[in-house]
Structures are given as C-alpha cells and as structure tokens.
Amino acid sequence: AAAERGRPSRVAVPAGARATGTSGAEEATPAAAPSRSGADRADTAGGRGRSAGRGQPEQPATPERPSAPEGGRGRPEGSGAPPAAVLDEGDMTAEELASASGCPPVVLQGLESFGLLESRQVGGVAYFGEEALAVARLAAGFASFGVEPRHLRLHKHAVEREAGFIGQVVLPLLKQRNPESRQRAHAAVAELSRLGQDLRAVLLQRALRDQLGG
C-alpha cells in the first residue's frame, strides 16, 4: 500500500481515444470549420476589407459612359455636312419642265442621259433651272424635224472643245489672282464667245450654201 501511494492515479480513457491518444474532452471538440471561399476572404487590394460589408447585397456596377468619337468632341450633330440645297426661283420639276417647254418627257430623259440637261436633287426630287428650260425648248424645235437627243451630241462636243480653247486664252489672266484680272478674264470670255458664235454662223451658212448649190 505504501508503494502505491506515490503512483499517479489512473484516469479511465475511453476506448475510442486510445487509438488517437486524445482525451475524451478533446474528442468532443468539433472539427474545424472549412476554410472560407474566395468571395468571403478579405479583399486586400487597396487595403480595404469586405468583412464590414458582409451580409449586405452587392451593389451593381455603374456602366461606363461611352466615350465620344475621336475628333467629334463638342461638335453639334450634323456639323461638317454640306449645306442643304435651296431651290431657285426658276427651278422646276421634270413635269413642269415638260409643260413649260412643250418637250415630251421621253425626250427630256434622252437629253439628260446624253448630258444636254443637268438637274440637281433637292429633297430627293430632281429640279431643273432656266438653262434647262432653254435647252428643252430648242430640243422640242429639233424634235419637230425628227432630230433626236442623240443627234444633238455633236453640238455638245463642239461646245466643250470651244470652252477648252477659250479657257486656254484667258488662263494667264486667271493666274494673276487679283480682282481686276478676274474681271478682264470674264470680259474676254464673253467677247470670245460672241466671236465664236458669229464665226460659226458664217461658216455654217457657207457650208450649207455649198451643199445646196447656192
């Protein structure tokens, strides 16, 4: 009995704890909680944590405002576009031109296709000016002799050649780039045009006289 007094008293250890070497109090401790997911971890970027806002609904991100196109900042819509065409007092539609000139619409279409008539678009509608009215009236007169728009191309080609010739004559005046020289150039064009018309009339009469035998 004296020998057993110095020995520590034995504590009964449950059978399940002998294999692991842990006491019953330790065995009753619950297992460690699983590690938190990446969404619950503290956000270390910028030194801010998310623990304070845990449990609050996540605010939606504010959409970014689209940037203005490069080179267009501060410009009002439509700036840089050509100005809208404005009708002149004498402008008319194709129907009005046919009625005013007495030239059938099919003839007007032929004149425009061969470049003898020029129109401009205003609001999606073709309009013709006073020069087109003069050409249409002359074409109506030719049509009474059976002359078609395609036959009138010779006059257009002759005019283009003469305009190129007159342009070469007045080109030195236009190169001076001053108001006085420009006025002289306009006066020269008018005089050269008159001389050319008179010369053509004389030459045409002579050529027809030779063809008709006097």
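The values are calculated or read from the model by the stated rules, or taken from the named source; none is laboratory data. As the structure is a computational prediction, the values presented were derived from the model and not from experiment. In this analysis, Cβ positions are derived from the backbone assuming ideal geometry, glycine residues included, and neighbour counts consider all displayed protein chains. Ligands, DNA and RNA are stripped out before the accessible areas are found, and what is left, the full protein with its side chains, is counted by its heavy atoms. Shrake-Rupley method; radii C 1.70, N 1.55, O 1.52, S 1.80 Å.
Here are a few things to note about the model shown:
- Some residue of segment 142-151 being under 24 Å from Glu96 (Cβ atoms), open to solvent by 60 Å² or more (accessible area, probe 1.4 Å) and either in a helix (DSSP H, G or I) or free of Cβ contacts under 8 Å to residues at least 12 places away in the same chain (or both): yes
- Residue count for segment 114-141, restricted to those that are of a type outside the set (A, V, I, L, M, F, W, C) and in contact (Cβ under 8 Å) with a residue 40 or more places away in the chain: 4
- Given (1) closer than 28 Å to Val86 by Cβ; (2) open to solvent by 90 Å² or more (accessible area, probe 1.4 Å), number of the condition Ala190 does not satisfy: (2)
- Taking the numbered list (1) closer than 27 Å to Asp88 by Cβ; (2) surrounded by 10 or more Cβ atoms within 10 Å (Cβ to Cβ) in turn, Phe165 passes all entries but (1).
- Any hit, segment 165-186, residues being in contact with a Gly (Cβ under 8 Å, 6 or more places away or on another chain) and either at pLDDT 95 or above or closer than 28 Å to Val86 by Cα (or both): yes
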